[in-house]
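I have placed the structure first, in the form of C-alpha cells, so that the comments after it can refer back to it.
The values are calculated or read from the model by the stated rules, or taken from the named source; none is laboratory data. Note that the structure is a prediction, hence the values are computed from the model and not measured. Positions of Cβ are generated from backbone atoms using ideal geometry, with glycine treated the same way; all protein chains shown enter the neighbour counts.
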C-alpha cells in the first residue's frame, strides 16, 4: 500500500531548457542533479534541484558558455560543441589546428593566431610620452603597443602602433599644454579672472579667461576668453 501511495505522489516538473535530468518523474522533496547540454553551464554553478508541487526549486537555468573573442582571428562555424575558427590575414594557427571547444574553463585547446609577416624592432618613441608596457627588442607581426602622454599633455592620433611587415604604423603625438606665468600676465597687464596662481598649466583645447588689471582697459573688444593651441595661447592686452 505504501508503495502505491509513493507512486501516486510522483510528479513531473517538465523539461529543462538546454539541459536534462533523469528520470522524468520524481517523488516530491527528493534532490536531483541536472546536466546542461554541450555549450551550456548551470547558472551560478548550482545543478542541485528539487521537484515540488509548484515546479522546480530552485528553477534550473542553463546559460551559454562565453569564451570570448579569438585574438587576431574569428569564428567561422559551430557544429554542436565544436567551433571552427580562422586566423586573420597575415596570421596562422600556432599549432595548425583550427578547431576548438568552448568549455566551462574557456577554450580547449586555446586558439592562438600568430603573425606570419616580418618582425619589428623596438617601437618608435614619442616626445613627452611613452608606451604603457615594457619595451621589447623584437615584436612579431601584428603586435601592438599603446602610448600615453605625460601629465597635462593631450594625445593626438591612434593610441596604438602596430607591427606590420617589419614596420610600425604611425605613432601618436603629445600636444603641449600652455604654461601661463605671472611674468606673461604682467607684460600684458592681465590677471586670471577666476583663479589666483603664479603659474598655470592649460591643456591643449582648453579655455582660460583673463581680466584687465585694476584701472586698465582692453585694447580691443575681443573676448578675454582664449583657447590653448599646442602650447600657444593668444594673450589679450590691456592698457
Conditions: (1) in contact with a strand residue (DSSP E or B) (Cβ under 8 Å, 6 or more places away or on another chain); (2) modelled with pLDDT of 90 or more; (3) more than 30 Å from residue 236 (Cβ to Cβ); (4) not in a strand (DSSP E or B). Residue 152 meets all but one. Number of the miss?
(3)
The condition from (1) without any contact (Cβ under 8 Å) to a residue 40 or more places away in the chain; (2) loosely packed, with under 15 Cβ neighbours inside 10 Å; (3) under 26 Å from the mean Cα position of the chain (by Cα) that residue 167 misses is numbered (1)
Hits in the range 184-218 - residues which are outside any strand (DSSP E or B) and closer than 18 Å to residue 229 by Cβ:
184, 188, 203, 204, 205, 206
Of the conditions (1) exposed (fewer than 13 other Cβ atoms within 10 Å of the Cβ); (2) in contact (Cβ under 8 Å) with a residue 12 or more places away in the chain; (3) under 30 Å from residue 168 (Cα atoms), residue 46 clears all except one; give me its number.
(3)
Count - residues of the range 93-113 that are at negative phi, free of Cβ contacts under 8 Å to residues at least 40 places away in the same chain and assigned to a strand (DSSP E or B)
6
From the option list 68, 19, 14, 39, single residue qualifying as touching a strand residue (DSSP E or B) at 6+ places or on another chain (Cβ under 6 Å) and either modelled with pLDDT under 85 or outside the structural domain of residue 162 (by TED's automatic domain parsing) (or both) is 19
Given the conditions (1) touching a residue at least 40 places away in the same chain (Cβ under 8 Å); (2) assigned to a strand (DSSP E or B); (3) crowded, with 18+ Cβ neighbours inside 10 Å, and given that residue 126 satisfies all but one, which numbered condition is not satisfied?
(2)
Restrict the check to the range 131-144 and report whether at least one residue is within 23 Å of the chain's Cα centre (by Cα), crowded, with 19+ Cβ neighbours inside 10 Å, at pLDDT 90 or above and not in a strand (DSSP E or B).
no
